[in-house]
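The values are calculated or read from the model by the stated rules, or taken from the named source; none is laboratory data. These figures come from a predicted structure and were not determined experimentally. A quick note on method: Cβ atoms are made from the backbone with ideal geometry, for glycine too, and the neighbour counts reach across all protein chains shown.
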Amino acid sequence: MNRRRLRVVMVKEWLVLSRDLNSLFTVTILPVLVVAQAIALVWLVERFAGDSLAASPLFQSALEKLRSGLPQAAALGLTDQIRIHLLSQLNFYLLLIPIVVSMSFSTFSVVDEKLSGSLEALLATPVRTSELLLGKAMAGWMPALLVTWVCSGLTLAAVALLGWGHLVSLVVTPTWVVCFFLLAPAIALLAFLLGIIGSSRARDAKSAQNLALLIVLPVLGLIALQLTGVVALGLWGTLAVAGIVALVDCLVLRAAVRLFRREAIVLSWR
């Protein structure tokens, strides 16, 4: 890997993306809307469906797991326990942010560049395919992570503004930290690489996003299983998932380099 060529690719990506209004919307407004939706859902569920949830056998099992894994929560009232359980799932819900941002960057990175005519000039340079893909991935991966971390801070600030500040220390557990600093980077990179593969084979942005959307469904399924208490990913479970996703990243990167046939892409899209 040539670091200079990597930097050139990354800077070029940032310059191009900074002029695209859709990308700026995805990086700025959309993540804030995701945070607002998450906080609103927790508030609505806790306020209007807390009693019915507490009566559910599955939810009772989830609260039992919460009390056993977090002894400090056992001393709190039932309402606060419900809040802690719901808020503890937000770290997984916020994983949608790096996925969406990475998908947007990866789609624009290939499909829109080809439509605008800038891809041919880039593919004609001496940059290797691995350097090209890694540089594009890093250019999208860094903003995705930065936005995710900012949104996690906004989420905790919103929790405090709701008057639940005394619960923040119980929500920000080692699992929360691992989720944002290990699992989120791995998932963001995976979403970007899948988007690159889809973009290299697609002729429009919508088709390119279909492959990357495959990663959204497992995250949504994980959130649902966590809420019902069927699955409770603790520290070691989250670390294991992060390790598996990181391994998949390496395999998908190699596959992306093989599938990204630069000459065929230019010729087939002329």
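Things to note:
- Breaking point among (1) crowded, with 24+ Cβ neighbours inside 10 Å; (2) modelled with pLDDT of 85 or more, for THR107: (2)
- Listing of helices (runs of 4 or more DSSP H) fully contained in the range 169-212 that carry 2 or more residues being surrounded by 17 or more Cβ atoms within 10 Å (Cβ to Cβ), modelled with pLDDT under 90 and more than 13 Å from the chain's Cα centre (by Cα): 184-201, 205-212
- Only listed residue being assigned to a helix (DSSP H, G or I) and under 30 Å from MET142 (Cα atoms), chosen from LEU86, LEU44: LEU86
- Qualifying residue in the range 59-74 (condition: among the acidic types (Asp, Glu), at pLDDT below 85, in a helix (DSSP H, G or I) and out of contact with any helix residue (DSSP H, G or I) (no Cβ under 7 Å at 6 or more places or on another chain)): yes
- Qualifying residue in the range 257-270 (condition: part of a helix (DSSP H, G or I), modelled with pLDDT of 70 or more and under 23 Å from VAL147 (Cβ atoms)): no
- Residue in the range 15-27 that is farthest from LEU156 (Cα to Cα), counting only those that are assigned to a helix (DSSP H, G or I) and without any contact (Cβ under 8 Å) to a residue 40 or more places away in the chain: LEU15
Table: residues versus (1) in contact (Cβ under 8 Å) with a residue 12 or more places away in the chain; (2) among the hydrophobic types (A, V, I, L, M, F, W, C); (3) under 30 Å from GLU131 (Cα atoms).
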{"position": "VAL9", "(1), (2), (3)": "yes, yes, yes"}
{"position": "LEU44", "(1), (2), (3)": "no, yes, no"}
{"position": "LEU87", "(1), (2), (3)": "yes, yes, no"}
{"position": "TYR93", "(1), (2), (3)": "yes, no, no"}
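- Any pair with Cβ under 8 angstrom, 6 or more apart, that starts in the range 161-177 at a residue that is more than 14 Å from GLY69 (Cβ to Cβ) and ends at one that is part of a helix (DSSP H, G or I) and of a type in the set (Lys, Arg): TRP164/ARG83; LEU167/ARG83
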